[in-house]
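Trainee: Let me give you the structure first, and then I'll get to my questions.
The values are calculated or read from the model by the stated rules, or taken from the named source; none is laboratory data. These numbers come from a predicted model, not from an experiment. All Cβ positions, glycine included, derive from the backbone under ideal geometry; neighbour counts span all protein chains shown.
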Amino acid sequence: MNLMTEFLPLAAAALFAGTVSSVVGLAGGSLLLLGLLGVYPSEIALPIYALAWLGNDALRALAFRNKLDFSILVPFSAGSAVGVGLASLVYVPFSTPILLIFLGLIVLAATWIPTENAPAPTRREYAMLGALIGFCGVFAGISALLVAPFLLRAHLDKEAFIGTKAACQIVMRAGTVLVYFHHGFDAAPHSSLILTLLAASALGIFAGKHVLSLLERETMRRAVQTATTALACRLLYACIVG
């Protein structure tokens, strides 16, 4: 790997992703994954991302631990464990073009699904959502973005939304990592990059937590919606045309 052209830009992307994920609770991870997919094939990019973002989720949940909503977290995590278990039985890597199209569609759907007037999901619905996202997350990395529209329906405050969402993703992400290891992924050659991405995203979490206290959540969220939508549309265009 060329350190200057690949390693450092990915670390910068992780720093930005960690900041965004702690300010708005979504989009940061998907942007990092898109960066990794620009450097590595999907069978390498997805496990690297899953390992780095498992640590990021755990650190964000820890940073906002006093705001976690366990009435959401417990059923969602139980469902995630079931979904990941089922996915492990049928897992095969997607080809990169299929993965990227699926990735772009997930980003668009998670960004623009209306949530303001929708009723809050029940505990059973959170368990079903956890199972679905746990299953899909093994194949598509950023399926955790789909958590956001449902948590917005719960009308949580900013800190509770970000912390609970991060905690909800831990079981799914950990199970996904185990599936990748079971299917032959070797983390050792990429350990320096993974640790660097985790350290950079941790700095981003620290910065983002302070930014969160200064900015209106909706302002940053709309900016991220615009950037993420443009990136996803460009990705879909490149996959379909190219």
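Trainee: Please give the helices (runs of 4 or more DSSP H) falling wholly within the range 26-102 in which 1 or more residues are in contact with a Cys (Cβ under 6 Å, 6 or more places away or on another chain) and either on the phi > 0 side of the Ramachandran plot or at pLDDT 85 or above (or both). Please lay out each step first, then the result.
Mentor: Values: elements: 28-37, 42-63, 70-90.
Answer list for the range 26-102: 70-90.
Trainee: Looking only at the range 66-80, filter to residues that are under 14 Å from Phe150 (Cα atoms) and in contact with a Gly (Cβ under 8 Å, 6 or more places away or on another chain); which one of those is surrounded by the most Cβ atoms within 10 Å (Cβ to Cβ)?
Mentor: The initial filter retains those residues of the range 66-80 that are under 14 Å from Phe150 (Cα atoms), namely 69, 71-73, 75-76.
Filter again for in contact with a Gly (Cβ under 8 Å, 6 or more places away or on another chain), leaving 75-76.
Numbers: Pro75: 22, Phe76: 32.
Restricting to residues being under 14 Å from Phe150 (Cα atoms) and in contact with a Gly (Cβ under 8 Å, 6 or more places away or on another chain), the top hit is Phe76.
Trainee: Scanning for something modelled with pLDDT of 85 or more, closer than 13 Å to Gly55 by Cα and loosely packed, with under 14 Cβ neighbours inside 10 Å, does the range 194-206 turn up at least one residue? Step through it out loud before you land on a result.
Mentor: To start, the set of residues in the range 194-206 that are modelled with pLDDT of 85 or more comprises 194-206.
Cutting the leftovers down to closer than 13 Å to Gly55 by Cα gives us 194-205.
Narrowing further to those that are loosely packed, with under 14 Cβ neighbours inside 10 Å: 195.
Checking the range 194-206: at least one residue is modelled with pLDDT of 85 or more, closer than 13 Å to Gly55 by Cα and loosely packed, with under 14 Cβ neighbours inside 10 Å.
Trainee: Given the residues Thr176, Thr164, which is the only one that is of a type in the set (Ser, Thr, Tyr), modelled with pLDDT of 90 or more and under 17 Å from the mean Cα position of the chain (by Cα)? First the steps, then the outcome.
Mentor: Numbers: Thr176 fails: modelled with pLDDT of 90 or more.
Matching residue, one of Thr176, Thr164: Thr164.
Trainee: Tell me, yes or no, whether the range 212-228 has at least one residue that is of a type in the set (A, V, I, L, M, F, W, C), buried (at least 16 other Cβ atoms within 10 Å of the Cβ) and modelled with pLDDT of 85 or more.
Mentor: Looking through the range 212-228, none of the residues is of a type in the set (A, V, I, L, M, F, W, C), buried (at least 16 other Cβ atoms within 10 Å of the Cβ) and modelled with pLDDT of 85 or more.
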